[in-house]
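The values are calculated or read from the model by the stated rules, or taken from the named source; none is laboratory data. Everything quoted here is computed from the prediction, not taken from an experiment. So basically every Cβ, Gly included, is an ideal-geometry build from the backbone, and we count neighbours across all protein chains shown. Side chains are part of the model used for accessible areas, which takes the heavy atoms of the whole protein and leaves out ligands, DNA and RNA. Shrake-Rupley method; radii C 1.70, N 1.55, O 1.52, S 1.80 Å.
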Amino acid sequence: MSGFSFLEFLQQIINGLTLGSIYALIAIGYTMVYGIIGMINFAHGEIYMIGAYVGLMVITGLGLFGVHSITAILLVTLAISILVTGSYGWTVERLAYRPLRGSPRLVPLISAIGVSIFLQNYVQIGQGARDVSMQPVLTGGWRFGPEGGFQVYVSYMQVLIAVITVAFMSGLTLFIGRSRMGRACRACSEDRGMANLLGIDTDRVIALTFVLGAALAAVAGVLVSMYYGLVNPFIGFIAGLKAFTAAVLGGIGSIPGAMLGGVVLGLAESFASAYLQTEYKDVVAFALLILVLLVRPTGLLGRPDVEKV
Amino acid sequence: MPRALSDALLAAALTAVLLTPIFGLHIRVDGVNVSLNRTPMPVIVAVVIVFLLRLFQQPLQRLWAKLRAPASWRENALTAALGQTVQQPRYRLALWLLLLAAAMIWPFTASRGAVDVMTLALIYVMLGLGLNIVVGFAGLLVLGYAAFYAVGAYTYAYLAQQYGLSFWWGLPLAGGLAALTGFLLGLPVLRLRGDYLAIVTLGFGEITRLLLNNLNSLTGGPDGIGNIPRPTLFGLEFNRVASEDGTAFHEFFGLDYSGNHGVIFMYLLGLALVLATLFVINRLLRMPLGRAWEALREDETACRSLGLNPTVIKLSALTLSAAFAGFAGAFFAARQGYINPESFTFIESAMVLAIVVLGGMGSQLGVMLAAVAITVLPELAREFNEYRMLAFGLVMVLMMMWRPQGLIPASRPPQKLPEHAEATQ
């Protein structure tokens with residue numbers, strides 16, 4: 001083997017982009033919450049995991065009802081998952097974070113880690129700790145490259161992941177940039193106290209942020225359960241960690257940053273598992289986090305964090 | 001009333017949406033066939049309860065306010081008297097001495113199993129006190145404390161197995177290496193806002209577990225390291241038959257061999273380590289360094305304006321905290337005799353954090369009691385083991401809401417100016 005062929009390189013880019021899309025979707029939830037209330041929402045990974053479970057259930061349910069059209073499956077699954085995780089996002093914020101607003105920084109952080117532990121074990125009790133798997137819904141793909149040599153493989157699912165991610169990201173960008181509520185969101189992340197004085201219901205904006213973040217996490221969850229067809233109560237932990245890394249990488253608080261960070265992390269990980277040992281792909285993600293914090297703490301697109309007294 | 005009804009209906013609907021996918025439906029995998037089982041009962045019960053509670057929220061709140069004891073009565077009750085007593089330095093010392101005496105006499109009267117469980121509890125006391133430095137005093141969240149614990153345990157285990165190092169050499173080395181790890185990890189992260197430390201240590205904990213599982217030549221992989229020697233008492237061993245050039249404890253004192261000796265010795269050794277930990281931490285707290293930790297927690301900007309270097313102070317807290325985890329790890333390895341990566345997962349870190357949060361951040365007595373409670377209670381109620389982590393998570397959230405200062409809040413040692421200080425002004 002030549003060791004380093006262009007086609008293999010291309011394949012890793014495709015795999016990396018797929019993975020990166022998922023990370024980017026989850027990372028947006030972290031970055032938006034951090035941008036507005038300056039808190040790391042540790043429970044976000046768990047919300048994603050719940051989204052993946054709901055996705056798997058709805059797809060299974062639809063299969064039992066005899067629905068086989070890919071469009072129908074996708075739309076119904078996304079809608080139901082978003083409804084459920086959105087409710088979780090709202091409830092968690094309402095019950096575990098809102099009463100703590102204005103307390104010292106450590107207090108909501110510990111509450112968040114408590115919620116994360118709680119949700120993980122709660123799903124484990126409800127659904128069991130073992131892997132749940134299903135048959136892939138969408139199979140097949142395209143192959144490019146010479147006969148007999150290394151062929152680049154792009155599955156339909158990978159294309160679907162890319163398309164859906166781009167669609168939701170554009171939707172979010174439009175919403176934040178153009179709508180009235182989006183403007184309120186931006187105002188809150190700029191200066192929450194001032195926004196409040198000017199008549200913006202900041203509690204509502206914060207709740208909306210959690211719901212939006214959770215909805216995107218649900219999209220990621222559904223896509224992952226369709227792609228890998230495997231879910232267990234612990235997937236949220238690592239995915240949350242990686243997505244947070246992506247958010248920091250891109251500059252925490254910045255939505256385009258989270259998208260970019262997710263893609264960069266996905267690519268890094270994909271190359272690491274191709275050219276290094278697979279077991280060490282998580283180490284690469286983490287090393288990247290440390291490196292970014294060392295060299296550029298504000299991330300790729302982040303603004304410097306000005307401390308106010 | 002219509003308002004209450006619509007609110008209640010909304011809450012009930014929300015509950016249904018939240019609970020149905022988790023408890024109402026189960027995915028059953030049966031070979032290639034995947035099916036959904038429906039179990040609507042728990043969801044219906046929960047929905048009805050939430051609906052009723054929300055519907056009658058106001059009457060219930062009024063009832064609660066009436067039934068609740070008046071504030072003055074609650075303030076003056078036993079708790080206040082007890083609090084007063086504990087505040088007095090004289091009684092405080094007596095209380096501590098009493099506790100210590102009880103802790104030292106107790107193992108000779110208790111069963112071997114109980115002493116063994118208490119030894120484990122002492123390890124958690126040590127871990128809790130160590131984590132309390134960084135979470136309670138310095139106000140930084142560390143979510144991968146088990147990683148430092150693992151570094152300590154594996155350092156001693158590896159050195160003992162490869163170079164035949166005794167526990168008494170392994171202990172300081174384990175602490176030192178763990179401290180070094182904490183220092184190196186904190187160096188890049190602590191220049192930034194404290195929040196990043198939480199996620200970096202979370203990642204570090206996960207990476208440590210991964211490395212322990214994969215660096216087979218160093219850590220033995222998933223099998224771990226076995227045959228770790230137990231500590232000796234000035235060279236006296238607690239085995240039935242002493243090694244070639246050693247002496248056994250029971251031979252030296254002319255006693256009959258009993259397994260209890262070793263167990264009680266481990267317990268007392270643990271107690272000594274806890275006391276040493278307490279002593280060091282309490283001395284540090286009264287030094288400028290310890291004062292700086294707490295000052296930093298309260299207001300970083302003010303600290304900086306007074307000329308304190310926040311990075312150095314945070315780094316010292318993390319390094320020390322890691323060192324204590326390293327000591328606890330070495331002791332744990334010596335007690336178990338074998339270690340594997342399963343003992344150092346995120347659950348372990350979460351448990352130690354729960355101990356600190358439950359006991360009261362910054363309160364040492366609280367942390368110690370919480371550590372004992374959290375180790376001993378699961379032993380008493382094993383059938384609830386499944387719900388243990390669930391309860392920890394819930395407790396963390398509820399404590400943050402109702403009593404962020406913990407069950408036994410930390411009390412500041414009062415610092416008063418001497419009487420004549422005012423006169424000389």
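Diagonalise the Cα gyration tensor of chain B and give the resulting equivalent ellipsoid semi-axes, square root of 5 times each eigenvalue, largest first, whole Å.
Values: eigenvalues 324, 212, 123 Å².
So the three semi-axes of chain B are 40, 33, 25 Å.
Averaged per residue, what accessible area in Å² does chain A show with a 1.4 Å probe, protein chains only?
Ligands and nucleic acids excluded, the figure is 42 Å² per residue.
Only Cα pairs under 8 Å and at least 6 apart count here; give the relative contact order of chain B as a rounded whole percent.
Values: 554 pairs, mean separation 99.5, N = 425.
Relative contact order here is 23 percent.
What is the mean number of Cβ atoms from other protein chains located within 10 Å of the Cβ atom of each residue in peptide B:385-395, rounded to a whole number?
Average per residue, whole number: 5.
Tell me, what % of the accessible area of the stretch B:110-402 is carbon and sulfur with a 1.4 angstrom probe?
Carbon and sulfur atoms account for 62 percent of the accessible area of the stretch B:110-402.
Note the direction-averaged projected area, equal to a quarter of the hull surface, for the Cα convex hull of the stretch B:247-375, in nm².
10.6
With an 8 Å Cα cut-off and a minimum separation of 6 or more residues, compute the relative contact order for chain A in percent. Can you show the working numbers first?
Details: 491 pairs, mean separation 112.2, N = 309.
Taking the mean separation of contacting Cα pairs over the length of chain A, I get 36 percent.
Taking chymotrypsin sites (Phe, Trp or Tyr not before Pro) as exposed when DSSP calls them loop (any state but H, G, I, E, B) and at most 15 other Cβ atoms lie within 10 Å, what is the longest stretch of chain B free of them, the sites themselves excluded?
Details: sites that count: B:PHE56, B:PHE234, B:PHE253, B:TYR257, B:TYR338.
The longest uninterrupted stretch comes out as B:57-233.
Take chain A, mark every one of the trypsin sites (Lys or Arg not before Pro) that falls in a DSSP loop and has at most 10 other Cβ within 10 Å, then report the longest stretch left between them, sites excluded.
A:131-307
Send over a whole-number figure in Å² for the accessible area per residue of chain B, probe 1.4 Å.
52
Report the relative contact order of the stretch B:1-63, percent, no decimals, based on alpha-carbon pairs under 8 angstrom and at least 6 residues apart.
About 41 percent, as a whole number.
Along the Cα-to-C-beta direction of A:GLN135, a point sits 7 Å from the Cα; which residues of the stretch A:220-242 have their amide N less than 19 Å from that point?
Answer for this model: A:225-231.
Only loop residues by DSSP count here, and only those with at most 15 other Cβ atoms within 10 Å; note down the GluC sites (Glu not before Pro) in the stretch A:177-279 that meet that.
none
Helix by helix through chain A, keep the DSSP H runs that span 18 Å or more along the axis on Cα and average at least 1.0 on Kyte-Doolittle, and give those back in order.
Correct list, ordered by number: A:6-37, A:44-64, A:70-92, A:106-127, A:156-178, A:202-227, A:235-250, A:255-275, A:281-295.
Return the average number of partner chain Cβ atoms within 10 angstrom of each residue Cβ along peptide B:19-30.
Average per residue, whole number: 6.
In the stretch A:104-243, if every C-alpha pair distance is counted and binned at 5 Å from zero, what percent goes to each bin?
Taking all Cα pairs of the stretch A:104-243, the binned fractions are 2, 8, 11, 14, 15, 14, 13, 10, 6, 4, 2, 1, 0, 0 percent.
Using the Karplus equation 6.51 cos²θ - 1.76 cosθ + 1.60 (θ = phi - 60°), what ³J(HN,Hα) coupling, rounded to whole Hz, does each residue of the stretch B:278-293 give in order, writing x for Gly and Pro?
4, 4, 4, 5, 5, 5, 4, 4, 8, 8, x, 4, x, 4, 5, 4
Can you grab the distance from the C-alpha centre of the stretch B:4-73 to the C-alpha centre of the stretch A:230-260, Å, no decimals?
Here the two parts' Cα centres lie 31 Å apart.
Excluding ligands, DNA and RNA, what is the accessible area buried between chains B and A, summed over both sides, using a 1.4 Å probe, to the nearest 100 Å²?
5500
Residues with beta-carbon under 13 Å from that of B:ASN216, excluding B:ASN216: net charge, scoring Lys, Arg +1 and Asp, Glu -1?
It works out to a net charge of -2.
Stick to Cα atoms and the Kirkwood definition of Rh, then tell me Rg/Rh for chain A.
Expressed as Rg/Rh, it is 0.98.
How many partner chain Cβ atoms sit within 10 Å of a residue's Cβ in peptide B:201-207, on average, as a whole number?
5
Counting only protein chains, not ligands or nucleic acids, how are A:VAL292, B:VAL189 ordered by accessible area (probe 1.4 Å), most first?
My answer, sorted largest first, is A:VAL292, B:VAL189.
For the stretch B:1-63, just the Cα atoms, rotate onto the principal axes and tell me the three extents in Å, largest first.
Extents along the principal axes, in whole Å: 55, 19, 11.
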